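K.L.:
So that we are looking at the same thing, I have put the structure below in structure tokens.
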Amino acid sequence: MLKIIFGAVLTALLGTALAATAQTAVPAEPHLQAAQTESDRANALFDEIFDRKVARDPVYQTYLGLKTNYGKWSDLSEAGQAANLAHRQADLKLLQDIDTEQLKAETLVSYNLLEQKLLEEIEDYKWRHHNYPVNQMFGEHARIPAFLINQHTISNVSEAEAYISRLNGVNQRLQQVIDQLTIREKEGVIAPSFVLPHVLRDSSNLLVGAPFDGGEPSTLMIDFSSKVAKLDIPALEKARLNEEARLALLNSFQPGYQGLISYLESLQSKTTADAGVWKLPAGEDYYNIRLNRVTTTDFSAEKIHQIGLTEVARIRDEMRVIQAEVGFEGSLGDFMTFMRTDSQFYFANNDEGREQYLQQANVVLAEIDERLDELFLVRPQASLDVKRVEEFRERSAGKAFYQHPAADGSRPGRYYANLYDMSMMPKYQLEALAYHEGLPGHHMQIAIKQELTGLPKFRRFGGVTAYSEGWGLYSELLPKEIGMYQDPYSDFGRLTMELWRAVRLVVDTGMHSKKWTREESIEFYTSNTPNPRIDAVKMVERHAVMPGQATAYKIGMLKILENRSKAQLALGDDFDIREFHDAVLKNGAVPMNLLEAQVDQYIAEKKSSTLEDKA
């Protein structure tokens, strides 16, 4: 279970907040100078540990916008994982040499966060095979092309050659994936039968087109050649680079994917339809750990299940209010069917309709951008792009997702909308989806986090699922409170998305703890939400390969709202929503118990400030 490590920190934080009002010009005493020195030492170590981790991971370096080791991949082997474990154990030993009694309150928070992170990573090493390395949601088969297309920029010949070097490393990288799949096969950890066909299809799609056959250029060939075409270099140099890329695709990329496809085809016969992780060795223990890690609470599977049922009932009641407002007669189920099937709620399923969707998403984001000062004291500096999910992965990818900007500002934040089938992207959900992925949602929170000064790197670039996804879902509600969602159907769309996240609590725990079948799980979605069956199928298949992850959204949102209500009750007329959001965002992504500490600190500081003003 989650270690409750912040008890002493709460006192320290509150003490710091109250002491801030009683500062004097008295010179620092020797023990305070020592505390400053130890805090400096600790903060330097935090960044050293982060930098060493980055230095071992060429892929992460590129995600951060760094171009060191630009032609390399990370090591996925067992030996590589064992080496990483040894590094984390060594990092923990160095960290625990710090004298925590001499640390300032904020540094102590960072210390405890990093210690908890290292302890969990070390503890979770034993569960490293309890996942499916390739599946319809993520995996190297999809990550390789997406990474090269979206992350590996080419601004000179050296960076083009690094791209070619990575193409030449694909065969070895995918062999490491096959080795990991083989280990899991021997341990009885095999993805459900409905997962591998997605991976096989997506992998095969990457081998379509030149130079693999006589068709149009393939996905990666188009990407490379288009990037090289923009370079200001002689035509002969461009031709050389394109030829080397072509050979790398034929000699490494193609055999790598063919090997993966061949292995997965043989593995398919050994799969079953069982979707829950209860089927894995020590599956119940593993699922409890996943819930703990994802929600950063000690909530049991049963408690999360019951919260989900309660939220489903509440949200459906709010939907009935909107149904009455628009004058629709019939049951809520009838109204949901109408919303799901009436053509007025959908863009055309063609390129024109897709472009209209993207344009409208940009309009929604521009409108909320003009209102952000009513809600926030700080804005992100990084820009935000809205993009369509690339065609090679759109059939398997989720509905929408966000990609953080490069740390150096060279790449914007990106909101990806999956427009493969426009019947899955109704107009009435467009507004809430844009708020969640863009502003004031993921882009606001993650870009601000990366741009914070005074925090260790691991806090600026790390993540906590319940915090970030809870913020995303909270950000769907927040615009309504300042008058957005003027169209009642869009407000209904907001509720459908919140309902979807509430149902996730029920189904995730149902599948992995109560042994619900895939069909039982799909049925719960289709009977309680207006989404089409294909949405339910994709979500249930997501639950299967990402156990516990989907519980983060609603649990995180509820915790944020719980803390907001506490602050409003404590401060009354002195409550300022902008200050509350600053208290939530100013320390980056944190576990739910530390979020509560931050809000307590905000309340104490605000009360103290108010007393001073009245004195």
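K.L.:
What residue among N528, Q549, T107 has its Cα farthest toward the positive end of the dipole of the chain, where the charges are +1 on Lys, Arg and -1 on Asp, Glu, each on the Cβ?
P.N.:
The listed residue farthest towards the positive side: Q549.
K.L.:
Computed from the mean reciprocal separation of all distinct C-alpha pairs, what Kirkwood hydrodynamic radius does the chain have, in Å?
P.N.:
Values: mean 1/r = 0.0382 Å⁻¹.
By the Kirkwood definition, the hydrodynamic radius is 26.2 Å.
K.L.:
Which of T68, T297, T271 comes first, and how do the rest follow, when ranked by fewest Cβ neighbours within 10 Å?
P.N.:
Details: T68 11, T297 20, T271 16.
With the fewest neighbours first, T68, T297, T271 line up as T68, T271, T297.
K.L.:
What length, rounded to one decimal in nm, is gained on full extension from A366 through to E520, with 0.36 nm per residue of separation minus their alpha-carbon distance?
P.N.:
That works out to 51.3 nm of additional length.
K.L.:
For segment 96-151, divide the Cα radius of gyration by the Kirkwood radius and give the resulting Rg/Rh value with two decimals.
P.N.:
Numbers: Rg = 18.1 Å, Rh = 14.7 Å.
Ratio of gyration radius to Kirkwood radius for segment 96-151: 1.23.
K.L.:
Next up: Could you tell me whether segment 148-205 comes out rounded, prolate or oblate from its Cα gyration tensor? Rule is a ≥ b ≥ c as square roots of the eigenvalues, rounded for a/c under 1.5, then prolate if a/b exceeds b/c, otherwise oblate. Walk me through the numbers before you get to the answer.
P.N.:
Numbers: a/c = 3.84, a/b = 2.13, b/c = 1.80.
Since a/c reaches 1.5 and a/b is larger than b/c, the shape of segment 148-205 is classed as prolate.
K.L.:
If you don't mind, another one. Taking the Cβ-Cβ separation of Q151 and E284 as r and a Förster radius of 60 Å, what is the calculated FRET efficiency to the nearest 0.05?
P.N.:
Working: r = 37 Å, r/R0 = 0.62.
Taking R0 as 60 Å, the efficiency between Q151 and E284 is 0.95.
K.L.:
For each of H198, H543, count neighbouring Cβ atoms within 10 Å of the residue's Cβ, then give the residues from fewest to most.
P.N.:
Values: H198 22, H543 25.
Final ranking by Cβ density, sparse to dense: H198, H543.
K.L.:
Per the helix-only calculation at 222 nm, which mean residue ellipticity applies to the chain, given -39500 (n - 2.57) for every DSSP H run of n ≥ 4 and division by its residues, nearest 500 deg cm²/dmol?
P.N.:
Numbers: 26 runs with 381 residues, N = 615.
Helix-only estimate at 222 nm: -20000 deg cm²/dmol.
K.L.:
What is the log10 of I(q)/I(0) for segment 107-183, computed with the Debye formula using one identical point scatterer on each Cα and no solvent, at q = 0.17 Å⁻¹?
P.N.:
Debye intensities relative to I(0), on a log10 scale: -0.86.
K.L.:
Which whole-number percent gives the relative contact order of segment 351-422, counting Cα pairs below 8 Å spaced six or more residues apart? Spell out each step's value before the answer.
P.N.:
Values: 73 pairs, mean separation 23.3, N = 72.
Relative contact order comes out at 32 percent.
K.L.:
Gain in length, V326 to R314, computed as 0.36 nm per residue apart minus the alpha-carbon separation, to one decimal in nm?
P.N.:
Length gained between V326 and R314: 2.4 nm.
K.L.:
Which three numbers, in whole Å and largest first, are the semi-axes of the equivalent ellipsoid of segment 140-272 derived from its Cα gyration tensor as √(5λ)?
P.N.:
On the way: eigenvalues 204, 39, 26 Å².
Over the Cα atoms of segment 140-272, the ellipsoid semi-axes are 32, 14, 12 Å.
K.L.:
Here's another thing I want to ask about it. Determine the relative contact order of the chain: mean sequence separation of Cα pairs under 8 Å and six or more apart, normalised by residue count, in whole percent. Display every interim value, and only then the final one.
P.N.:
On the way: 826 pairs, mean separation 103.7, N = 615.
Relative contact order, the chain: 17 percent.
K.L.:
Using R₀ = 60 Å, calculate the FRET efficiency as 1/(1 + (r/R₀)^6) where r is the Cβ-Cβ separation of S565 and E237; round to 0.05. Can you show the working numbers first?
P.N.:
Values: r = 63 Å, r/R0 = 1.05.
Efficiency at R0 = 60 Å is approximately 0.45.
K.L.:
In terms of modelled amide H atoms, which long-range or inter-chain residues lie less than 5 Å from the amide H of A210?
P.N.:
G215, E216, S218
K.L.:
At 0.36 nm per residue, minus the direct Cα-Cα distance, what do E48 and L358 gain on full extension? Give it in nm, one decimal, please.
P.N.:
Length gained between E48 and L358: 107.5 nm.
K.L.:
May I pose another question? Which one, P211, V195, Y257, projects farthest toward the positive side of the charge dipole computed for segment 140-272 from Cβ point charges (K/R +1, D/E -1)?
P.N.:
V195
K.L.:
Now a separate question. Measure out, as a whole number of angstrom, how far apart the alpha-carbon centroids of segment 485-541 and segment 451-476 sit.
P.N.:
Result: 26 Å between the Cα centres.
K.L.:
At a threshold of 8 angstrom on Cα-Cα distance, excluding pairs fewer than six apart, so keeping six or more, what relative contact order does segment 140-272 reach in percent?
P.N.:
Details: 116 pairs, mean separation 54.4, N = 133.
Relative CO of segment 140-272 lands at 41 percent.
K.L.:
Go ahead and run the numbers for FRET between S609 and N350, Cβ-Cβ distance against an R0 of 56 Å, rounding to 0.05. Could the numbers behind the result be given before it?
P.N.:
Values: r = 57 Å, r/R0 = 1.02.
Efficiency for this residue pair is about 0.50.
K.L.:
For segment 360-388 and segment 297-330, what is the separation of their C-alpha centers, rounded to whole Å?
P.N.:
Each part reduced to its Cα centre gives a spacing of 29 Å.
K.L.:
Using the count of nearby Cβ atoms within 10 Å as a rough guide to exposure, how do H129, H404, H141 rank from fewest to most? Mind dumping the intermediate values first?
P.N.:
Working: H129 17, H404 21, H141 25.
Ranked by crowding around the Cβ, least crowded first: H129, H404, H141.
Just so you know, all these numbers are worked out from the coordinates, no wet-lab data involved. Fair warning: this is a prediction, and the values are worked out from it, not measured in the lab. Using ideal geometry, Cβ is built from the backbone for each residue, glycine included, and neighbour counts are taken over all protein chains shown.
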